[in-house]
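To start, the structure itself, in structure tokens.
The values are calculated or read from the model by the stated rules, or taken from the named source; none is laboratory data. Because the structure is a prediction, the values reported are computed rather than measured. FYI the Cβ positions are ideal-geometry reconstructions off the backbone, even for glycines, and counts take in every protein chain you see. Remember, those area values only see protein heavy atoms, side chains included, never the ligands or the DNA or RNA. Shrake-Rupley method; radii C 1.70, N 1.55, O 1.52, S 1.80 Å.
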Amino acid sequence: RADRAADLPVTPHPLILARLRDEVRAVCQLADGTCVADAPPPAAVFPGSFNPLHHGHRTLAAAAAARLGAPVHFELSAANVDKPDLTPADLAGRLAQFVAVGPVWVTRAAAFEKKADLFPGAAFVLGYDTAARLIDPRYYGDSPARRDAALRKLLDRGCRVVVGGRVGADGRFREWDPAGVAAEFAGLFDAIPEAAFRADVSSTALRRAAT
């Protein structure tokens, strides 16, 4: 809504601006809204665009935290593979959503190979659609070899991928099925069962409803 948008901050924290200028590798905004550049790397990371952050994101983070036995931090990349880079004002507005919710890391790691370099050993928490893109050669220039190299990078960095399911266009709930993944990478993925997580909401639908 326009009246709410007017209340959102338009200038990020100075450390966030330093991240945009590539002066620091990653910045963490803590749940109280303060920013630090030297926070310990998290054990679990939930990357996303969070436009907007909604209860599906929060409940998936909670389900993954319970499954992993570790708190889940969010990650917001200012650079994206298939979307324009976030402006400082966009970034400030997105980050404001996380105050009192949880820590969120600001990076420029658009691809998961770069995220693995920033967060070695981390469990990446993904929704079904994002996990599907992670193994889709179309997102690697239609190159299965490049896709496999990216997945090996995650394995080499000791990372794993925890996937929450979602409802498809046909109304059927889809849990992650490792059958379509090469045996080399099957152990990289861990599916959260529907009994532990289901939230029938999408950022796209929320944006459409807000217009």
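Structure data summary
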| quantity | calculated |
| --- | --- |
| Residues satisfying the stated conditions in the stretch 36-51, i.e. open to solvent by 20 Å² or more (accessible area, probe 1.4 Å) and touching a Lys or Arg at 6+ places or on another chain (Cβ under 9 Å) | Ala37, Ser49, Asn51 |
| Subset tally (residues that are among the hydroxyl-bearing types (Ser, Thr, Tyr) and not in a loop (DSSP other than H, G, I, E, B)) for the stretch 77-95 | 1 |
| Every residue from the stretch 38-48 that is in contact with a helix residue (DSSP H, G or I) (Cβ under 8 Å, 6 or more places away or on another chain), assigned to a loop (DSSP other than H, G, I, E, B) and modelled with pLDDT of 95 or more | Ala43, Gly48 |
| Cβ pairs under 8 Å, 6+ apart, first in the stretch 107-120 and touching a residue at least 24 places away in the same chain (Cβ under 8 Å) and more than 19 Å from Arg21 (Cβ to Cβ), second open to solvent by 60 Å² or more (accessible area, probe 1.4 Å) and of a type in the set (Val, Ile, Thr) | Ala111/Val81 |
| Count - residues of the stretch 19-34 that are open to solvent by less than 20 Å² (accessible area, probe 1.4 Å) and either part of a loop (DSSP other than H, G, I, E, B) or at pLDDT 95 or above (or both) | 4 |
| Single condition His54 does not satisfy, out of (1) over 21 Å from Cys159 (Cα atoms); (2) of a type outside the set (A, V, I, L, M, F, W, C); (3) open to solvent by 30 Å² or more (accessible area, probe 1.4 Å); (4) at pLDDT 95 or above | (3) |
| Sole exception among (1) over 27 Å from Tyr128 (Cβ atoms); (2) among the aliphatic types (A, V, I, L, M); (3) out of contact with any Asp or Glu (no Cβ under 8 Å at 6 or more places or on another chain); (4) open to solvent by 60 Å² or more (accessible area, probe 1.4 Å) for Leu15, by number | (4) |
| Failed criterion for Leu76 (all others in (1) at pLDDT 95 or above; (2) exposed (fewer than 14 other Cβ atoms within 10 Å of the Cβ) hold) | (2) |
| Members of the stretch 169-186 found to be open to solvent by 60 Å² or more (accessible area, probe 1.4 Å), in a loop (DSSP other than H, G, I, E, B) and either of a type in the set (Ser, Thr, Tyr) or in contact (Cβ under 8 Å) with a residue 12 or more places away in the chain (or both), listed by number | Glu175, Asp177 |
| Segments classed as helices (runs of 4 or more DSSP H), wholly inside the stretch 106-168, with at least 2 members that are on the phi > 0 side of the Ramachandran plot and crowded, with 22+ Cβ neighbours inside 10 Å | none |
| Exclusive hit being touching a residue at least 12 places away in the same chain (Cβ under 8 Å), outside any loop (DSSP other than H, G, I, E, B), touching a strand residue (DSSP E or B) at 6+ places or on another chain (Cβ under 9 Å) and within 23 Å of Arg58 (Cα to Cα), set Phe74, Phe98 | Phe74 |
| Residues being open to solvent by 10 Å² or more (accessible area, probe 1.4 Å) and within 25 Å of Phe197 (Cα to Cα) - total across the stretch 81-104 | 6 |
